[in-house]
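Here is the structure we will look at, set down as structure tokens.
The values are calculated or read from the model by the stated rules, or taken from the named source; none is laboratory data. Keep in mind it's a predicted model, so treat the numbers as computed, not measured. No Cβ is skipped: glycine too gets one built from the backbone with ideal geometry, and neighbour counts run over all protein chains shown. Ligands, DNA and RNA are stripped out before the accessible areas are found, and what is left, the full protein with its side chains, is counted by its heavy atoms. Shrake-Rupley method; radii C 1.70, N 1.55, O 1.52, S 1.80 Å.
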Amino acid sequence: MVFEKRYENGLRLVVKKMEGLKSVTMGVIVGTGSAVETDEEDGISHFIEHMMFKGTHKRNAFEISDAFDRIGAQVNAFTGKDVTCYYAKCTSDHTAETFEILSDLFLNSVFPEEEMTREKGVVCEEIAMNEDTPEDLCLDQLARAFYGSKNYGRNILGPCSNVKGFTVQDIQKYLSARYCPENIVLSFAGDLEFDDALSLVEKYFGNLPKGNFQKRTKKICLQGQSLLTRKKVEQMHIGIGYSAPSRDHELADVARAVNVVLGGNMSSRLFQEVREKQGLAYSVYSYISAFEECGSLIVYAGVNSENVLKAYEAINRVVDELKEKGITEGEFLRSREQMKAGMFFANESTSSQMILYGKYMLQRDKLFDFDEELNKLSAMTLDQAQAVLKLLFNAEGKAVSLIGNTKKKLLLS
């Protein structure tokens, strides 16, 4: 059973009751991230996520961690391009205690100066670690090659120079503009009654003021660039981006099915051709990243420096063949069944369901309907899959990223 509650201040609550479990995952999901940041704010969404754990009026940083640990609860957070989430998982007998701690850190953080100084160093180390992880660096650079340096092209972590300069006033200004009730969804999944969730939310979030929410529109302009970062690493890291349908496009699910055929698993064309047949890569895969206004299909491969052109050409051949000849009925049916199975597997995880139902409510302002979505997947046709190929793999907007010890960029064509 799934329930929802909407409050006058814009706050939304969604609860999925999951029978036969003894645990609950709860999350506070905010519709903000790197894509809505200004140049001056670049990296602040992620930095705030870190700072939320560093002390409240009631607890210091250690006491927050200790409070969760004492009741066996797990807590974490993540920042994305368009969403930030604070979440905790606990046994159902500790639901009330866990939500009180999570609410405290979300609503009552005080951002102590000494903790800010320390955490700036931590985040700068995370940025350095990202720079030392070629695969991550390749995909971040690909986003910039695809979208440019703004909006969805921004690195979530931001530059260290920005992080070092953030002040408490900067944080408070951003929170007042983005962490507003109408931009927040509270999501619960697991062994929890709706009435109990209502009581907890109204106890801790009931007096949350409406705020001055800034929607912040984004101007999307595909760049179609080929970018290179020369780095002394053993492998060459290739990223290729193509235009894909936006999150709510009528063919969005069909595009995901086509991606499964291209590079979504071990039987995919990319894996079989580039790795199994030609032995050019250990890691080669593709995925779709879809947002409100746009989307992209991303291909990644890590290859030996001697094979970079061979691998790039092999990937292009696989893509060209898929575009020109389409996919077979067997490939389509297999990918459709894998997508349906993925829905069932996720349906057994409280964490997956908390995020699924919470993000769906945040981004679409309605409840996720499992049966409806499953029926939509079952109704997909091979003809639709062939049609969506016209939206994918368009030479216009194609972007390429290369990380490795070379001075030569990869050509877009």
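Within the stretch 166-197, the residues that satisfy the criterion of being over 20 Å from Tyr7 (Cβ atoms) and among the acidic types (Asp, Glu) are Asp170, Asp191.
When the residues of the stretch 274-330 are filtered to those that are part of a helix (DSSP H, G or I), open to solvent by less than 60 Å² (accessible area, probe 1.4 Å) and of a type in the set (A, V, I, L, M, F, W, C), the one that is farthest from Met236 (Cα to Cα) is Leu322. If you take the residues in the stretch 136-166 that are open to solvent by less than 10 Å² (accessible area, probe 1.4 Å) and touching a Lys or Arg at 6+ places or on another chain (Cβ under 7 Å), which one is farthest from Ser243 (Cα to Cα)? Per the criteria, the residue is Val163.
When the strands (runs of 3 or more DSSP E) confined to the stretch 1-89 are screened for residues that are open to solvent by 60 Å² or more (accessible area, probe 1.4 Å), those reaching at least 1 such residues are found at 2-6, 74-79.
Inside the stretch 94-125, residues that are surrounded by fewer than 14 Cβ atoms within 10 Å (Cβ to Cβ) and of a type in the set (Asp, Glu) make up a count of 3. For the stretch 204-219, does any single residue satisfy the condition of being open to solvent by 50 Å² or more (accessible area, probe 1.4 Å) and modelled with pLDDT of 95 or more? Checking the stretch 204-219: at least one residue is open to solvent by 50 Å² or more (accessible area, probe 1.4 Å) and modelled with pLDDT of 95 or more.
Scan the stretch 227-264 for residues that are open to solvent by 20 Å² or more (accessible area, probe 1.4 Å) and not in a loop (DSSP other than H, G, I, E, B) and report the count.
Filtering the stretch 227-264 down to residues open to solvent by 20 Å² or more (accessible area, probe 1.4 Å) leaves 227-235, 243, 246-251, 253, 256, 260, 264.
Next, from what is left, pick out any that are not in a loop (DSSP other than H, G, I, E, B): 227-230, 235, 243, 253, 256, 260.
Here the count works out to 9.
Residue check: Val14 meets all listed conditions (1) within 22 Å of Phe188 (Cα to Cα); (2) free of Cβ contacts under 8 Å to residues at least 60 places away in the same chain; (3) in contact with a Leu (Cβ under 8 Å, 6 or more places away or on another chain) but one, namely (2).
Listed by first and then second residue, the pairs with beta-carbon distance under 7 Å, at least 6 apart or on different chains, first residue in the stretch 142-166 and under 17 Å from His46 (Cβ atoms), second open to solvent by 50 Å² or more (accessible area, probe 1.4 Å) and of a type in the set (A, V, I, L, M, F, W, C), are Asn151/Ile220. Applying the criterion of being in a helix (DSSP H, G or I) and open to solvent by less than 50 Å² (accessible area, probe 1.4 Å) to the residues of the stretch 383-411, the residue that is nearest to Thr32 (Cα to Cα) is Val388.
Of Phe53, Phe68, Phe106, Phe111, which residue is in contact with a helix residue (DSSP H, G or I) (Cβ under 7 Å, 6 or more places away or on another chain), under 25 Å from Lys203 (Cα atoms) and touching a residue at least 60 places away in the same chain (Cβ under 8 Å)? Step through it out loud before you land on a result.
Values: Phe53 fails: touching a residue at least 60 places away in the same chain (Cβ under 8 Å); Phe68 fails: touching a residue at least 60 places away in the same chain (Cβ under 8 Å); Phe106 fails: in contact with a helix residue (DSSP H, G or I) (Cβ under 7 Å, 6 or more places away or on another chain).
Exactly one of Phe53, Phe68, Phe106, Phe111 is in contact with a helix residue (DSSP H, G or I) (Cβ under 7 Å, 6 or more places away or on another chain), under 25 Å from Lys203 (Cα atoms) and touching a residue at least 60 places away in the same chain (Cβ under 8 Å), namely Phe111.
Within the stretch 347-358, can one find any residue that is at pLDDT below 95 and either surrounded by 14 or more Cβ atoms within 10 Å (Cβ to Cβ) or not in a loop (DSSP other than H, G, I, E, B) (or both)? Scanning the stretch 347-358, I find at least one residue that is at pLDDT below 95 and either surrounded by 14 or more Cβ atoms within 10 Å (Cβ to Cβ) or not in a loop (DSSP other than H, G, I, E, B) (or both), so the answer is yes.
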